[in-house]
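Below is one structure, written out as structure tokens, with a few remarks after it.
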Amino acid sequence: MSANPIQVRDLHKYFGELEVLRGIDFEVAAGEVVCVIGPSGSGKSTLLRCVNRLEEPTSGTILIEGEDITDPEANIDQLRAKIGMVFQQFNLFPHLNVLRNLTIAQRKVLGRSDDEANQVAAAMLERVGLSDKIDEFPARLSGGQQQRVAIARALCMNPDMMLFDEPTSALDPELIGEVLDVMRTLADEGMTMMVVTHEMGFAHNVADRVVFMDGGVIVEDGPPDQVLGNPQHERTRKFLRAVAQAEE
Amino acid sequence: MVATTRAARPWWKRVGLGRLAMYVVLVLIVLLFVFFADFEKIQRNFFDWETIERMFPDVITIAAKNTVIATVLTFAIGLVLALLLALMKRSTIGPYRWFASGYIELFRGLPALITLILVAFGLPIAFGWDIPGGRLGQGVIGLSLVAAAYMAETIRAGIEAVPRGQMEAARSLGMSRANAMAFIILPQAFRIIIPPLTNEFVLLIKDTSLFFVIGTTPASRELTKFARDFMTDARNATPLTVVAVLYLLITLPLTAMVRRLERSASRGKR
């Protein structure tokens, strides 16, 4: 078996004086679904954003399929094309319709022809169940539909792995299910996924591993049954109790 | 119920004393004007039909045409320069940023008239070469330099008004900074700044009247210079009235358009 596609070693990240990540060692295996949970300000989103260098790590190394993305010589655009990313706020391009949202990076980054890009886009839209919205503009879609289009847009680049940054946190409760369904299908198909989320049900049912972060360190890392069902650390227990109370 | 109380109040109370006073003043002003104005003199000096007839068709085929050409050229050149400056101002390379800041502060701080005179007379004297296009060309270049400084700030504000997530989404798909700027950020930024840019265009139409001071050949006169020359000739102010109407014919529809664009923009955002 080859080395894991995502490897993070001794990662530190400062925002000014504030140390947000205090030495993270973390890996995701091929085909593995890892959910990262933790209170806000725990550094989980920062960790995710470091993995495709939307945040510049202060120190440490991040290997994506063996390539060090913190190396200034690395071709970051090529590497990012292999890493799909889905944002909390969807971040669809509002001036482009759904089809052009899905094709622009294919054409500009992968150099695909219009025909090929259109075909891939249509196929990915079908995968997220939104073929009929191909000509719509993002503003005319519901939040759930926008997020599914955003997932399709990332899939169009044929990524080897997907990063999800709180993909359902900006959604109305009744729209969360459709997005989680798409993500569950992706997981079943064997996509390598790193998901920062507050959806404990999704983490429990879909994740292969759950990582609990607090105060810029990984506190607990293991199978969902263990981390969510039988947490070893007091901080994890406290967090899970707070989440359970909020959901009642 | 409301209607009956209203009807019960005397009319001067309904109108209000303050409003009543304002109406009285208005009527007095109108009466004064009607009784004391010398309509014949006004007509001779501002609406002299013979002068109006003599101004056409040159006022359109030469003057208005030159004003429009000068404005469009100035706007186009200024916009390109402004885009360059706005991007320089956001550059990660210090000297580019400093140059752009210096340029913007310099040309926004100087009267446009100084820049125009400098380009038309200062440069030829200093370096012994003329900017091509004659006086009109020099005016266009001089005014472009000024307009670029103002529009650069507008464009920069537009770029900054595009949410940060747009750049992040584009970069996360593997797009380079330049591609993301060209295809994702700038199209959205320009949509945001169409109203202020149209305003800038209206300002430029009026600013081309400054060309008047650098002097022009008969064929390159714009509206203001044309009117000024004609006034000497006709010995009345009618030419000013004519070009004033022409300026308004160009600027009023544009400002109306800006209002419409701003309304639809604020509706779109909601």
Checklist outcome for this item: Checked A:172, A:165 against criteria (modelled with pLDDT of 95 or more and under 20 Å from residue A:89 (Cα atoms)); the one match is A:165
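Please give the helices (runs of 4 or more DSSP H) falling wholly within the stretch B:38-101 in which 3 or more residues are open to solvent by less than 70 Å² (accessible area, probe 1.4 Å) and of a type outside the set (Lys, Arg).
Numbers: elements: B:39-46, B:49-55, B:65-89.
Passing ranges, in order: B:49-55, B:65-89.
Taking the options A:100, A:148, A:153, name whichever one is in contact with a Phe, Trp or Tyr (Cβ under 8 Å, 6 or more places away or on another chain), modelled with pLDDT of 95 or more and charged (D, E, K, R).
A:100
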Checklist entry - residue A:86 passes all but one of (1) touching a Gly at 6+ places or on another chain (Cβ under 9 Å); (2) more than 22 Å from residue B:187 (Cα to Cα); (3) at the interface with chain B (Cβ under 10 Å from one of its Cβ atoms); which number fails? => result (1)
Checklist entry - Can you name every residue in the stretch B:167-178 that is buried (at least 20 other Cβ atoms within 10 Å of the Cβ) and in contact with a helix residue (DSSP H, G or I) (Cβ under 7 Å, 6 or more places away or on another chain)? => result B:170, B:171, B:172, B:173, B:174, B:175
Checklist entry - So which residues in the stretch B:16-32 are surrounded by 10 or more Cβ atoms within 10 Å (Cβ to Cβ) and not aliphatic (A, V, I, L, M)? => result B:16, B:19, B:23
Next on the checklist: Suppose we keep only residues that are buried (at least 22 other Cβ atoms within 10 Å of the Cβ) and among the hydrophobic types (A, V, I, L, M, F, W, C) within the stretch A:94-109. Which one would you say is farthest from the other protein chains (Cβ to nearest Cβ)?
Outcome noted: A:98
Next on the checklist: I'd like the full set of residues that are touching a Gly at 6+ places or on another chain (Cβ under 8 Å) and either of a type in the set (Phe, Trp, Tyr) or not in a helix (DSSP H, G or I) (or both), limited to the stretch B:125-140.
Outcome noted: B:131
Item to check | Single residue of the stretch B:161-175 satisfying the filter (facing chain A (nearest Cβ under 7 Å) and in a helix (DSSP H, G or I)) that is nearest to the chain's Cα centre (by Cα) | outcome: B:166
Checklist outcome for this item: Every listed condition ((1) assigned to a helix (DSSP H, G or I); (2) in contact (Cβ under 8 Å) with a residue 24 or more places away in the chain; (3) over 15 Å from the mean Cα position of the chain (by Cα)) holds for residue A:129 save (1)
Next on the checklist: So, in the stretch A:50-77, how many residues would count as being out of contact with any strand residue (DSSP E or B) (no Cβ under 9 Å at 6 or more places or on another chain) and within 8 Å of another protein chain (Cβ to nearest Cβ)?
Outcome noted: 1
Checklist entry - Do you know which residues across the stretch B:102-124 are without any contact (Cβ under 8 Å) to a residue 40 or more places away in the chain, assigned to a helix (DSSP H, G or I) and closer than 23 Å to residue B:206 by Cβ? => result B:109, B:114, B:115, B:118, B:119
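The values are calculated or read from the model by the stated rules, or taken from the named source; none is laboratory data. These numbers come from a predicted model, not from an experiment. Neighbour counts run over all protein chains shown; Cβ positions are idealised from the backbone, glycine included. Only protein heavy atoms, including side chains, enter the accessible area calculation; ligands, DNA and RNA are left aside. Shrake-Rupley method; radii C 1.70, N 1.55, O 1.52, S 1.80 Å.
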